[in-house]
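Quick notes on the structure that follows.
Just so it is clear, none of the values below were taken in a lab; they were calculated from the coordinates. If you're wondering where the values come from, they're calculated on a predicted model, not measured in any experiment. So basically every Cβ, Gly included, is an ideal-geometry build from the backbone, and we count neighbours across all protein chains shown.
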Number of protein chains: 6
Amino acid sequence: MKVMVPGSFDPPTNGHLDIIKRAASLFDYVYVVVAQNSLKKPLFTTQERVELLKECLGEFSNVYVDSTSDLVASYAREHNIGVIVRGVRNSSDYDYESELASANKLLNYNLDFVFLPSSEEYRIVRSSLVRELIQHNVNVSQFVPITISEAIRNKQQ
Amino acid sequence: MKVMVPGSFDPPTNGHLDIIKRAASLFDYVYVVVAQNSLKKPLFTTQERVELLKECLGEFSNVYVDSTSDLVASYAREHNIGVIVRGVRNSSDYDYESELASANKLLNYNLDFVFLPSSEEYRIVRSSLVRELIQHNVNVSQFVPITISEAIRNKQQ
Amino acid sequence: MKVMVPGSFDPPTNGHLDIIKRAASLFDYVYVVVAQNSLKKPLFTTQERVELLKECLGEFSNVYVDSTSDLVASYAREHNIGVIVRGVRNSSDYDYESELASANKLLNYNLDFVFLPSSEEYRIVRSSLVRELIQHNVNVSQFVPITISEAIRNKQQ
Amino acid sequence: MKVMVPGSFDPPTNGHLDIIKRAASLFDYVYVVVAQNSLKKPLFTTQERVELLKECLGEFSNVYVDSTSDLVASYAREHNIGVIVRGVRNSSDYDYESELASANKLLNYNLDFVFLPSSEEYRIVRSSLVRELIQHNVNVSQFVPITISEAIRNKQQ
Amino acid sequence: MKVMVPGSFDPPTNGHLDIIKRAASLFDYVYVVVAQNSLKKPLFTTQERVELLKECLGEFSNVYVDSTSDLVASYAREHNIGVIVRGVRNSSDYDYESELASANKLLNYNLDFVFLPSSEEYRIVRSSLVRELIQHNVNVSQFVPITISEAIRNKQQ
Amino acid sequence: MKVMVPGSFDPPTNGHLDIIKRAASLFDYVYVVVAQNSLKKPLFTTQERVELLKECLGEFSNVYVDSTSDLVASYAREHNIGVIVRGVRNSSDYDYESELASANKLLNYNLDFVFLPSSEEYRIVRSSLVRELIQHNVNVSQFVPITISEAIRNKQQ
């Protein structure tokens, strides 16, 4: 079974990596796909995020990192991917994700959605928190892998 | 990957079957396990529920139906099952399921949990609704497979 | 437009009456229907609840009080009622009520559902709270109409 | 009873139209009011949205389309409207809508609020989704009436 | 400031003790009060629960353990307690607790309510889970203090 | 016990003041801290908000008003504050606040969090509502203290 873990990953966090690694142990092949979002001003460019994810996930032979400016449902159709995997942190998250899932199913009837509940230790880690901490010059090494915290430090210099 | 879909299944509904069939297409092998609950007075006995599920799921060669009086986490450990699959219908459901998942992980660190959001057409189908309708002699054939509605009719005679 | 406000009303509270009165100003004709529930041991019998509601609502010429042992969807069909009105207090309530509404629509496609958000001052008034207070001999006159608090006092003697 | 269905309607969706049509069958007279919002950059101008709604709702003799730069509570007072009708899709929506309703009641004590739970088939349709799909050149004809999808196509040329 | 931590405590869990200890560091004096509930069949009698809590909390000189068959609001009034402290685990919990708080304020206008969000490590620990595990002969020592797990073992023999 | 009530307070509302006053009666010393947020265009400058809060809270000898561009967790550490007090209005609010609390605890292990449920009469009062009403020239004197409504009037001239 080929699955897709789409996201902004700006930056990738330990929470993202936990979801990706669990997906990689559950399914045969995992596409991690950075969704370009023209509206937001990102911390890292799409290409940088792809490189960072590749570095963090190098040891997983069944994980492939890519990016797209397409809709998730379109990317899945083109790559013959039948399942989207998403992490869910709390009930507000769930409402949002289940609505998105239903909308995507209308666009691509062959898609199924799998939600992985966040591991307790990563439940509160999200990219927007990491970006806010960076803005206040707070050390974020407990929220992101070392590759990422070094990339952030380089960016700040 | 071997997964488990535990539940009361009293009676099995179209919603349950949707979750089980999606699990059967996502994973190699699916244990559907009727959890005995000594506290509730059931509509069908545990053994009847196992038989009904077997009839409904006969065409799926990778689905195995069983029952247990053990905890889900214990059954999984004994049968070397690494993943529990649960359907989730709304945000209240999510709160309940994610708490249960965290508790089970404390009992069996090797367990992972996968939530499948209910398909729109089965979002409101639950066994307690079916039982209430039966109590009012309402035809429930749109909520359960034909095998089940016949079993219910036999029971009522 | 003929609408129905179904409920247990055991006992009717100021919150119920607020919903019924708002329904009576919104719609032409309001059926207030006590749903018999064989499973619970009530404070007042179905007939007593009907009488109490009639006393409390006597001044409203477009309100009719009745009881039923049928499903709400069946009662509505038989009485040619097209709309069910329900009060909603918070988001948990909403999840429950919207699921019930969808289930009833499956049983009676012609039914529509209208939710009235509880008025701020009645948001926390519910029959189970009133029953618990009565059990502790607490004065409940701020939660129920005077007719009801007198009926409760008579019952307690 | 005169009611008001306020909204941004940018663009009007099948979900909006379902709510408006249900309101039109429940109440004598329905004002559909496009609320101008100076902060957002809209897909359609206020005047275009009014025209599109008029085209979609022409067959309903008791529906009147208008726009306002006033608060909803002020518009209602000026037009002697006693009830605001809003569609609600899920529990997060409910929290938001009930807070808005309470705030509006503080501004206009004579207002009542009626929530219509989204029909299952329109539960996930929202304008922001439609706008995002348009941005990706995805066909949105299953989410909006044909009048709207044509207007969108003209806009894109 | 004198505060009260009411509860069923059947049995007291590590989650309860975390809330009580945090209350004891925040406030001058903490009443821990076992609320008798005539409806439920408890694991431990009220008196046993009081004794177990006393053993677990002996080191805290500003914690006093008691029991009551009164309403929480009444106990607080009689003992001149101005604040109720409650642990909250998730958003469903919050809805329930805030409704209870509002109801109690109607009964005792001088009461204030303080909610402590569960510590991450105790978020899923609740007495009903512990009782269910006990029923399945599962070791619960990671969820309750050692005094309690020994009392449970004695009970089971 | 020294506590902190952080917030944007743009403008301070009756809801904020209710939380601050309750905190001032619960704890020995209350820091009310205006958090500067470089991203938003405020109605009042940080310094103006500090002055307005000082005027509104002058009678409370145990309340100290300050501002910071630091993270809440950092400000607390520097000022030896062990507890953050936050008002919570509904379950969506709770999800947001509890996540923020957990994140702050990761940054400062000595912090505890106390949530005060909004008083019923202030449950729907929030600064964004007040700002929107001001934009529509609506009188906001029922939502903010007189000091604030006068400051708003001066600003508008």
* Asked: Across segment F:81-94, in residue order, what do the Karplus-derived ³J(HN,Hα) couplings come to in whole Hz, using 6.51 cos²θ - 1.76 cosθ + 1.60 with θ = phi - 60° and x for Gly and Pro?
  -> 9, x, 9, 9, 10, 9, x, 10, 9, 7, 5, 5, 3, 4
* Rounded to whole Å and sorted largest first, list the principal axis extents of the Cα atoms in the protein assembly as shown. => 72, 70, 67
* **Assigned charges on the beta-carbon of Lys, Arg, Asp, Glu; the protein assembly as shown dipole about Cα centre (debye)** => 0
* Asked: Treating the beta-carbon of each Lys and Arg as +1 and of each Asp and Glu as -1, no other charges, what is the dipole magnitude of segment A:24-157 about its Cα centre, to the nearest 20 debye?
  -> 400
* Which value in deg cm²/dmol, rounded to the nearest 500, describes the helix-derived mean residue ellipticity at 222 nm for chain E, given -39,500 (n - 2.57) per DSSP H run of n ≥ 4 and division by the residue count? -> -13000 deg cm²/dmol
* To do: May I ask for the Kirkwood hydrodynamic radius of chain D, worked out over all distinct Cα pairs and given in angstroms to one decimal?
  => 16.0
* Mean Cα-pair separation over length for chain C, i.e. relative contact order, pairs under 8 Å, 6 or more apart, % -> 30
* **Of C:Lys155/E:Lys41; E:Lys21/F:Lys105; E:Lys54/F:Lys105; C:Lys2/C:Lys105, those spanning more than 19 Å from alpha-carbon to alpha-carbon** => C:Lys155/E:Lys41; E:Lys54/F:Lys105
* **Expected-Rg normalisation [2.2 N^0.38 Å, Cα atoms] applied to segment A:1-64** => 1.08
* Within segment B:1-64: Cβ-based charge dipole about Cα centre, in debye rounded to nearest 20 (Lys, Arg +1; Asp, Glu -1) -> 200
* To do: Using +1 at the Cβ of each Lys and Arg and -1 at the Cβ of each Asp and Glu in segment D:75-157, identify which of D:Asn108, D:Gln142, D:Gly87 lies farthest towards the dipole's positive end.
  => D:Gln142
* Can you run phi through the Karplus equation (6.51, -1.76, 1.60; θ = phi - 60°) for segment E:28-35 and list ³J(HN,Hα) in whole Hz, with x for Gly and Pro? -> 5, 8, 10, 8, 9, 10, 6, 8
* Around E:Val125, which amide H atoms from residues at least 5 apart in sequence, or from another chain, sit under 5 Å from its own amide H, with H modelled in the peptide plane? -> none
* Which one of B:Leu57, B:Ala24, B:Val72 is farthest out on the positive end of the charge dipole of segment B:22-79, using unit charges on Cβ (Lys, Arg +1; Asp, Glu -1) and the Cα centre as origin? -> B:Val72
* Structure fact -> Under Stokes-Einstein, segment C:29-70 at 37 °C and 0.692 mPa s, with its Kirkwood radius over C-alpha pairs, diffuses with a coefficient in µm²/s of 302
* Distance between Cα centroids, segment D:26-93 to segment F:112-153: provide it in whole Å. => 26
* Structure fact -> Output field shielding_mean for B:111-123 (other chain Cβ, 10 Å radius) holds 6
* In order through segment B:48-57: 3J(HN,Hα) via Karplus (6.51 cos²θ - 1.76 cosθ + 1.60), integer Hz, x for Gly, Pro -> 4, 5, 4, 4, 4, 5, 4, 4, 6, 10
* Structure fact -> Note on segment B:63-122: alpha-carbon gyration tensor, axes a ≥ b ≥ c; rule is a/c under 1.5 for rounded, else prolate if a/b larger than b/c, else oblate; result oblate
* Which FRET efficiency value, to the nearest 0.05, is calculated for C:Glu78 and D:His136 with the Förster distance at 51 angstrom and r the Cβ-Cβ distance? -> 0.55
* **Placed amide H near A:Tyr31: partners under 5 Å, 5+ positions off or other chain** => A:Val3, A:Met4, A:Val5, A:Tyr64
* Asked: For peptide B:131-144, how many partner chain Cβ atoms fall within 10 Å of a residue's Cβ, on average?
  -> 2
* Asked: Can you list the chymotrypsin sites (Phe, Trp or Tyr not before Pro) in segment F:84-128 that are in a DSSP coil and have 14 or fewer other beta carbons within 10 angstrom?
  -> F:Tyr109
* Structure fact -> Taking every residue of F:84-91, the Cβ atoms of other protein chains inside 10 Å of its Cβ average out to 5
* Inter-copy separations for A:Asn80, label at 7 Å along Cα-Cβ, nm, ascending -> 3.1, 6.1, 6.8, 6.8, 8.0
* To do: Under 14 Å from the Cβ of E:Lys105, count the other residues' Cβ atoms, weight Lys and Arg +1, Asp and Glu -1, and hand me the total.
  => -3
